[in-house]
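The next block holds one structure in the form of structure tokens; read it before the comments.
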Amino acid sequence: MKLLLDTHLLLWSISDSSRLSRLAHTLIGDTENEAHFSVVSLWEIVIKTSRGKWDFKVDAAKVRRNLLNNGYVEMPIVSSHVIMVSTLPALHRDPFDRLLVAQARVEGITLLTADSKIAQYPGPIQKV
């Protein structure tokens, strides 16, 4: 199964955080699954780090390198992802999360999230 991790799950997975649920850890670690990360998450990290958000104080370049070194597949943003955002219900205001949902829907890939608001969107989303 192809998995797209939301930004918090990415950060928790590479830092071996206790905030990563057992289910998320199992799914990400399963060799049958293919873990993906989105350019959206790197963009979010850069923006929120520059604003001094405590939970985003990481180097986006190092995060990217770590993800690639650990077998994650990078997903670019394409126009069909952006257009899909316009069809989403207004359940969540965070533009980064909305674009991750759109990517999951367009690509038919399961979005893993710990955020219950994101999990309310229709589509291939799993709360972990």
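The values are calculated or read from the model by the stated rules, or taken from the named source; none is laboratory data. Every value quoted in this text rests on a predicted model; they were computed, and no experiment measured them. All Cβ positions, even for glycine, are placed from backbone atoms using ideal geometry, and neighbour counts span all protein chains on display.
Okay, here's what the table says:
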quantity	calculated
Candidate set: region 108-128, residues that are in a helix (DSSP H, G or I) and in contact with a strand residue (DSSP E or B) (Cβ under 7 Å, 6 or more places away or on another chain); chosen: the one farthest from V39 (Cα to Cα)	A119
Close pairs (6 angstrom Cβ cut-off, 6 or more residues apart or separate chains): in contact (Cβ under 8 Å) with a residue 24 or more places away in the chain and closer than 17 Å to E34 by Cβ in region 66-82, outside any loop (DSSP other than H, G, I, E, B) and not β-branched (V, I, T) anywhere	L67/F37; Y72/A35; Y72/F37; V73/H36; M75/H36; M75/S38
Hits in region 34-78 - residues which are out of contact with any Leu (no Cβ under 9 Å at 6 or more places or on another chain), among the small types (G, A, S) and under 22 Å from E107 (Cα atoms)	G71
Answer residue from region 21-38, given it is among the hydrophobic types (A, V, I, L, M, F, W, C) and buried (at least 21 other Cβ atoms within 10 Å of the Cβ) and is farthest from the chain's Cα centre (by Cα) among those	A24
Output for region 50-66, where each listed residue is of a type in the set (D, E) and under 16 Å from the mean Cα position of the chain (by Cα)	D55
Of all residues making up region 94-128, the number that are of a type in the set (K, R), more than 16 Å from E44 (Cα to Cα) and crowded, with 17+ Cβ neighbours inside 10 Å	1
Count - residues of region 55-77 that are surrounded by fewer than 11 Cβ atoms within 10 Å (Cβ to Cβ) and within 21 Å of K2 (Cα to Cα)	3
Which numbered condition A104 fails, given (1) in contact with a strand residue (DSSP E or B) (Cβ under 7 Å, 6 or more places away or on another chain); (2) more than 17 Å from T7 (Cα to Cα)	(2)
Test: L88 is of a type in the set (A, V, I, L, M, F, W, C) and either over 16 Å from E44 (Cα atoms) or touching a strand residue (DSSP E or B) at 6+ places or on another chain (Cβ under 6 Å) (or both)	yes
Among (1) in a loop (DSSP other than H, G, I, E, B); (2) crowded, with 19+ Cβ neighbours inside 10 Å, the one test that L91 misses	(2)
The one condition in (1) surrounded by 14 or more Cβ atoms within 10 Å (Cβ to Cβ); (2) assigned to a helix (DSSP H, G or I); (3) at pLDDT 95 or above that S80 fails to fulfil	(1)
Scope region 66-77; condition farther than 16 Å from L9 by Cβ and either at pLDDT below 95 or polar (S, T, N, Q) (or both); matching residues	N69
